[in-house]
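Beneath this line is the structure, given in structure tokens, with notes to follow.
The values are calculated or read from the model by the stated rules, or taken from the named source; none is laboratory data. Note that the structure is predicted; figures quoted are calculated from it, not measured. Using ideal geometry, Cβ is built from the backbone for each residue, glycine included, and neighbour counts are taken over all protein chains shown.
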Amino acid sequence: MIWELKKFSELTNEELHDIFKLRVDIFVVEQNCPYPEIDGKDPSSFHLMGKVNNEIVAYSRLLPPGVSFDEASIGRVIVAASHRGTGLGYQLMEEAVKRSVEIYNLPIKIGAQAHLEKYYGSVGFVKASDIYVEDDIPHIDMLRAL
């Protein structure tokens, strides 16, 4: 696994295409959740890609404070279906947290699908809100201190 972190302006056209395709395949098609995937937050974010043989198989975006929350944030956390069940999701979140702390040196707040509370809890996030519905999916806010 090769981890690459890039600003939006550093992404190649192919990487941007592959990121958007992976995100739409999972969040819109697989989860049957029509919503505006391109939300205007990508240009101000860092993009963490896990690649195998130059194929993006894990991805998340690292958002600066003030974009989604007052704190720094991690979003669009995904592992390609072909690589699930391997522990890659945990590696992805560990890498995302490490990189976010290196860049922003702030607590990290996320809007997590509620059924993933234990997963995010395994990398230090704690529940910080009641359940709310976003895009017809139950979510909770979670916070990770420095």
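Just need a number here: residues in the range 1-15 that are modelled with pLDDT of 95 or more, more than 13 Å from Ser45 (Cα to Cα) and in contact with a helix residue (DSSP H, G or I) (Cβ under 8 Å, 6 or more places away or on another chain).
The qualifying residues number 1.
Can you work out which of the residues in the range 98-146 that are at pLDDT 95 or above and at positive phi is farthest from the chain's Cα centre (by Cα)?
Asn105
Being assigned to a loop (DSSP other than H, G, I, E, B) and over 24 Å from Gly124 (Cβ atoms), is that true of even one residue in the range 55-75?
Scanning the range 55-75, I find no residue that is assigned to a loop (DSSP other than H, G, I, E, B) and over 24 Å from Gly124 (Cβ atoms), so the answer is no.
Can you pull out the residues in the range 76-125 that are over 19 Å from Leu5 (Cβ atoms) and outside any helix (DSSP H, G or I)?
Arg84, Gly85, Thr86, Gly87, Pro107, Lys109, Gly111, Ala112, Gln113, Ser122, Gly124, Phe125
Looking at (1) modelled with pLDDT under 95; (2) in contact with a Phe, Trp or Tyr (Cβ under 6 Å, 6 or more places away or on another chain), can you tell me which one Gly85 breaks?
Going through the list (1) modelled with pLDDT under 95; (2) in contact with a Phe, Trp or Tyr (Cβ under 6 Å, 6 or more places away or on another chain), Gly85 breaks only (2).
I'm trying to understand the selection: among the residues of the range 73-99, which are touching a residue at least 40 places away in the same chain (Cβ under 8 Å) and out of contact with any Lys or Arg (no Cβ under 6 Å at 6 or more places or on another chain)?
Ile78, Ala80, Ala81, Leu88, Gln91, Leu92, Glu95, Ala96, Val97, Arg99
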